[in-house]
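Engineer: There's a structure below that I have some questions on.
No lab work stands behind these numbers, since they all come straight from the coordinates. All figures in this text were calculated on a predicted structure; none of them were measured in a lab. For neighbour counting, all protein chains shown are included, and Cβ atoms are generated from backbone atoms with ideal geometry for every residue, glycine included.
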Amino acid sequence: MATLEKIRSKSVFLIVVIGVALLAFIIGDAITNSQNLLGDHTTVAKIGKEKIDFSLYQRKREELNQRLEQARKQNPQQYASFDMQLLPEMALTELVSETLLDNAARKAGIRATAEQLRFYIMDNPINPRIGDIIRQLQASGLSVSTPQQAYEIIFNPKRNGLTDAQMAPFQRLWVAMEEETKLMVMRQTYQKLVYNTVKANDLDKRALYNDYVNTSDVEVAYKPYGQLDEKKYPVSDQDLKSLYSEYKNRFKVNETTKDVSFIAVRISPSAADRAAAKKLGAATVAALSDSAATLSRELRKEGVSSERVELRAADLPAGAVKEYVLNAPKDSVKMVTENLKGFTVVKMGKRTMAMDSIQLNLVQVVGQKLPATVLARLNGGLSVDSVSKTFPMDSVMAQTKQWIPLITADGRTGALEQGQLDTLLNAGGRFITLVSNEQGAVLAQVSERRAPVEVYEYELVTYNLNPSVKTVSDERAKLEKFLEENKNTKDFKANAAKAGYTVEQYSLTQSTPAVPRVNGMQIYFPDSRQVVRWAMIDGKPGEVSHIYESKDASQPALYAAAVEAEYEDFVPMSNPSVKDFLTQMARNSKAGDAWVKDYQAKAGSMQSVAQAMAVTPRQAAQFRFGNNAAVRDPKVTGIIVGTKPSQKVKVVKGDDGVYAFMVKSNAREKFPFTDKQYEQQYFQMVNPNMDAMMRGAARLDNRIYKFEAGD
């Protein structure tokens with residue numbers, strides 16, 4: 001009893017102790033879970049156990065965006081139609097490769113040595129940021145052209161007439177560049193090591209050589225399967241199951257995949273939109289004709305835009321605009337094009353004679369006082385070529401005979417202000433100070449000038465005909481009605497055609513940038529990444545999405561999707577593409593067996609079997625295992641090469657059709673064997689995939705669509 005009373009007296013205390021312990025356990029677990037959740041909250045992807053953080057992804061995406069902008073400036077036509085929906089996946093692909101490579105290199109103990117770092121920064125720069133730093137120094141008026149000169153100025157500013165504060169930003173840029181270069185050298189070293197492990201032995205090289213030099217004189221007749229009669233060559237479920245089991249690894253997926261039925265409604269301008277555009281075009285011509293003023297505010301509100309153009313005759317765009325501008329009188333107005341895309345109106349301006357380029361001698365001088373001294377010496381007779389010998393090399397830099405374009409195919413360049421140009425042309429061959437600031441000056445002299453050319457000035461007025469708000473709204477209402485009546489995948493597919501919609505089938509993954517217009521091609525529906533986001537996050541098999549809309553005014557579209565199936569490891573046999581592939585294989589195989597039996601019985605000669613196949617035999621005098629165009633099927637190629645010469649005709653089944661052939665003779669070409677050549681061929685044949693080698697069985701968990709695509 002006393003013991004029991006003691007337990008009872010302590011029960012409240014025990015409950016409190018147990019409660020506190022339990023609470024501590026719960027809180028500790030909650031903290032751990034919240035840390036995990038918060039950690040994953042900024043994870044855009046995982047490759048195996050390695051996480052890629054959103055901040056790293058943002059930097060990579062910005063880097064790619066800058067590269068794209070530079071590429072657009074250098075080749076605007078090639079990148080004009082680049083789909084920005086590709087950028088997220090491009091950024092992630094680079095990050096995954098870099099993450100795998102960095103981890104592998106570190107595990108291998110590879111580091112960039114001081115000697116390597118100096119070589120790849122100073123002697124053989126591999127980091128483009130070195131060039132960026134040099135250009136920024138030049139933009140600040142400093143005479144720098146090499147990494148060595150840049151380093152000297154940045155880290156010894158006082159010795160070069162500068163302050164530590166002036167060079168502090170450049171020092172930070174340089175240190176960051178060094179860190180990047182260390183990584184680049186480490187990656188490069190590891191890649192070389194791995195690639196050098198892919199080596200051909202003597203047997204490999206001799207096998208490749210023999211595949212090329214051993215030839216056969218072959219006569220071949222080929223009959224493709226084409227469209228086969230389904231009743232004559234029926235395919236059973238068991239046939240499909242057997243083939244699926246045999247080829248299952250072909251259908252392996254590395255990411256969660258969903259089969260989706262997709263409707264895209266491309267919206268075109270209505271008849272009312274086209275009529276309104278025609279009326280607007282007439283009003284534009286009238287407004288420009290009645291007044292010397294440019295385009296009115298009212299017309300601009302309607303979407304009409306105006307651009308002042310100054311071009312040489314050779315640069316005028318071919319077509320109606322050029323034909324009109326070359327002969328039109330000043331202040332005349334004409335509608336030069338009017339079609340389903342909109343209209344173009346030209347209001348002619350004046351014709352003038354102008355210089356389109358000028359050649360200069362340029363001298364960059366560092367400092368506040370030195371430019372005046374150099375200018376006086378140059379105008380006193382010192383030659384440009386002697387400047388660097390007369391003054392310190394780190395203070396002056398001369399550039400002779402530099403052509404400066406003033407007018408190009410894009411119009412006036414703005415390379416020189418009119419005041420600067422007038423001063424240069426009126427200087428009588430003397431040097432002038434073109435630009436100056438506290439850091440230095442640029443001195444210039446005209447060395448040659450081109451004859452003036454005729455320049456045409458005109459106002460180019462354009463209107464792009466896009467569907468109106470009402471047209472888009474009407475199409476949206478129609479699609480909403482369809483979705484309201486068809487709320488599951490089965491009805492979505494079954495009733496789309498009746499409602500005037502075409503359903504397309506796609507297999508989408510976490511890494512699909514957007515919905516492709518054509519399967520297997522990198523051409524995507526505008527703003528369709530959001531559809532992928534819905535399918536991968538919210539969409540379950542059997543469910544239908546709401547409407548998604550492209551915000552591209554030039555090609556507006558409405559989208560809706562329905563999820564059919566979801567799988568993690570292998571595409572199932574029920575997938576339409578897989579089923580079609582297996583069905584075709586099974587049917588081809590059955591037809592091939594029947595054809596081989598039939599044609600072999602008629603194979604007394606190549607002429608007789610070719611006649612039975614209703615084809616013309618083909619001569620292949622130098623048939624090679626390693627290189628031939630007579631037979632596309634590799635299995636059949638191997639059979640032919642392994643057949644001894646005879647007068648016997650053989651008929652064999654291939655994957656793409658049935659082949660009849662006769663090997664007449666064998667020969668051996670007298671090409672020299674070069675060890676290095678066949679070692680290279682072996683490497684090209686193996687074609688090692690660095691990412692695949694490092695990735696192994698690690699699975700990619702891609703979450704970018706959660707960050708990039710809106711709902």
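Engineer: Given segment 357-450 reduced to its alpha-carbon atoms as identical point scatterers, what log10 I(q)/I(0) does the Debye formula return at q = 0.10, 0.14, 0.15, 0.23 Å⁻¹?
Structural biologist: For segment 357-450 at q = 0.10, 0.14, 0.15, 0.23 Å⁻¹, log10 I(q)/I(0) is -0.26, -0.50, -0.57, -1.19.
Engineer: If you don't mind, there's one more thing I want to ask. Are there any chymotrypsin sites (Phe, Trp or Tyr not before Pro) in segment 42-141 that are in a DSSP loop and have at most 13 other Cβ atoms within 10 Å? List them by number.
Structural biologist: Those satisfying the criteria are 82.
Engineer: A further question follows. Quick check on segment 410-519: take the gyration tensor over C-alpha atoms, sort the square-rooted eigenvalues as a ≥ b ≥ c, and tell me if it's rounded (a/c under 1.5), prolate or oblate.
Structural biologist: prolate
Engineer: Restricting to DSSP loop positions (anything but H, G, I, E, B) with no more than 16 other Cβ atoms inside 10 Å of their own Cβ, which GluC sites (Glu not before Pro) remain in segment 384-484?
Structural biologist: Passing both the DSSP loop test and the Cβ count: 417, 438.
Engineer: Tell me, what is the Rg over Rh of segment 501-624, with Rh the Kirkwood radius over Cα pairs?
Structural biologist: Rounded to two decimals, Rg/Rh equals 1.24.
Engineer: Now for a separate question. Can you run phi through the Karplus equation (6.51, -1.76, 1.60; θ = phi - 60°) for segment 53-66 and list ³J(HN,Hα) in whole Hz, with x for Gly and Pro?
Structural biologist: Going residue by residue, I get 7, 4, 5, 5, 4, 4, 5, 5, 5, 5, 4, 5, 5, 5 Hz, with x marking Gly and Pro.
Engineer: Something else now. Give the shape of segment 79-182 as rounded, prolate or oblate, defined through the alpha-carbon gyration tensor: a ≥ b ≥ c are the square roots of its eigenvalues, a/c under 1.5 means rounded, and otherwise the shape is prolate if a/b is larger than b/c and oblate if not.
Structural biologist: Oblate, because a/c is 1.5 or more while a/b does not exceed b/c.
Engineer: Still on this structure: Find the centroid of the Cα atoms in segment 227-242 and in segment 243-283, then give the distance between the two in whole Å.
Structural biologist: 32 Å
Engineer: In addition: By the gyration tensor of its Cα atoms, with a ≥ b ≥ c the square roots of the eigenvalues, what is the shape of segment 620-661: rounded for a/c under 1.5, prolate for a/b over b/c, or oblate?
Structural biologist: Since a/c reaches 1.5 but b/c is at least a/b, the shape of segment 620-661 is classed as oblate.
Engineer: Return, ordered by residue number, the residues of segment 540-559 whose backbone nitrogen is under 11 Å from a label point located 7 Å along Cα→Cβ of residue 255.
Structural biologist: Within reach of a label on residue 255: no residues.
Engineer: OK, next. How large is ³J(HN,Hα) for each residue in segment 368-378, as worked out from phi by the Karplus curve 6.51 cos²θ - 1.76 cosθ + 1.60 (θ = phi - 60°), to whole Hz, x for Gly and Pro?
Structural biologist: Using θ = phi - 60°, the values come out as 8, 9, 4, x, 5, 5, 5, 4, 5, 5, 5 Hz.
Engineer: Suppose each label sits 7 Å from its Cα in the direction of the beta carbon; what would the residue 403-residue 627 distance come out to in nanometres?
Structural biologist: Once both label points are built, they end up 4.2 nm from each other.
Engineer: Which of the trypsin sites (Lys or Arg not before Pro) found in segment 623-671 are in a DSSP loop and have at most 15 neighbouring Cβ atoms, other than their own, within 10 Å?
Structural biologist: Sparse-neighbourhood loop trypsin sites (Lys or Arg not before Pro): 632, 648, 670.
Engineer: Something else: Can you give me the distance in nm between label points at residue 123 and residue 393, each placed 7 Å from the Cα along the Cα-to-Cβ direction?
Structural biologist: Inter-label distance under the simple model: 1.8 nm.
Engineer: Please report, in debye to the nearest 20, how large the charge dipole of segment 221-314 is about its Cα centre when each Lys and Arg carries +1 at its beta carbon and each Asp and Glu carries -1 there.
Structural biologist: That gives a dipole near 100 debye.
Engineer: May I ask you to evaluate 6.51 cos²θ - 1.76 cosθ + 1.60, the Karplus curve with θ = phi - 60°, for each residue of segment 93-99 and list the ³J(HN,Hα) values in order in whole Hz, giving x for glycine and proline?
Structural biologist: Calculated HN-Hα couplings, in order: 4, 5, 5, 4, 4, 5, 5 Hz.
Engineer: If you wrap a convex hull around the alpha carbons of segment 640-711, what volume per residue comes out, as a whole number of Å³?
Structural biologist: 237 Å³
Engineer: If you find the alpha carbon centre of segment 338-380 and of segment 134-166, how far apart are they in angstrom?
Structural biologist: 27 Å
Engineer: Under unit Cβ charges (Lys, Arg +1; Asp, Glu -1), what dipole magnitude, rounded to 20 debye, does the chain have relative to its Cα centre?
Structural biologist: 1180 debye
Engineer: First measure r as the distance between the Cβ atoms of residue 271 and residue 302, then evaluate 1/(1 + (r/R0)^6) with R0 = 25 Å and state the FRET efficiency to the nearest 0.05.
Structural biologist: So, using R0 = 25 Å, E works out to roughly 0.85.
Engineer: For residue 339, what is the net charge nearby, where nearby means another residue's Cβ is under 13 Å from its Cβ and Lys, Arg count +1, Asp, Glu -1?
Structural biologist: Around residue 339, the surrounding residues sum to +2.
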